[in-house]
Every structure is written in structure tokens, then in C-alpha cells.
1. Go through (1) assigned to a strand (DSSP E or B); (2) open to solvent by less than 60 Å² (accessible area, probe 1.4 Å) and name the single condition ARG32 misses.
2. Where residues in region 35-53 are open to solvent by less than 70 Å² (accessible area, probe 1.4 Å) and in contact (Cβ under 8 Å) with a residue 40 or more places away in the chain, which of them is farthest from SER22 (Cα to Cα)?
3. Output the qualifying pairs, or none if there are none: Cβ atoms under 9 angstrom, residues six or more apart or on different chains, first residue in region 1-27 and touching a residue at least 40 places away in the same chain (Cβ under 8 Å) and open to solvent by less than 100 Å² (accessible area, probe 1.4 Å), second residue of a type in the set (Lys, Arg) and not in a helix (DSSP H, G or I).
Amino acid sequence: MARLFLEVREDNEAARALYNKSGFKMVGRRPRYYKMANGTAKDAVTMAYSLND
């Protein structure tokens with residue numbers, strides 16, 4: 001295994017800060033990935049961590 005991947009909702013600032021601090025880097029986005037109860041949708045941010053660095 002060379003990389004770990006995760007997805008986090010774009011507006012989840014606390015989680016994104018934790019992942020950034022842990023060495024994860026943003027590598028992509030999934031538009032309208034999370035469907036909200038009010039009918040709107042939020043993007044998912046795809047992040048990766050390299051195990052070889």
C-alpha cells in the first residue's frame with residue numbers, strides 16, 4: 001500500500017484541519033457528494049497521505 005485516501009465534507013473545517021496537520025493533502029473533490037436533509041448537497045474533499053514519504 002502506497003497511499004491512504006479519505007473523503008471529508010467540504011465544510012467540516014475541524015476534520016480537514018486535523019487531516020492537514022496529520023500530513024494528508026487535498027487531491028480532488030466530489031461535487032454534491034453529501035446529500036443534506038434540507039435537500040441541498042455539499043462537496044466531498046478527497047485527501048491522500050503518502051506512506052512512502
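The values are calculated or read from the model by the stated rules, or taken from the named source; none is laboratory data. Quick caveat, the model's predicted, so the values are computed rather than measured. Cβ: placed from backbone, ideal geometry, glycine included. Neighbour counts: every protein chain shown. Side chains included, ligands, DNA and RNA excluded: accessible areas come from the protein's heavy atoms. Shrake-Rupley method; radii C 1.70, N 1.55, O 1.52, S 1.80 Å.
1. Going through (1) assigned to a strand (DSSP E or B); (2) open to solvent by less than 60 Å² (accessible area, probe 1.4 Å) one by one, ARG32 breaks only (2).
2. First, the residues of region 35-53 that are open to solvent by less than 70 Å² (accessible area, probe 1.4 Å): 36, 39-48, 50.
In the following step, the residues that additionally are in contact (Cβ under 8 Å) with a residue 40 or more places away in the chain were identified as 46-48, 50.
On the way: THR46: 15, MET47: 11, ALA48: 11, SER50: 11 Å.
Ranking the qualifying residues of region 35-53, first place goes to THR46.
3. Short answer, once both residue conditions are applied: GLU7/ARG30.
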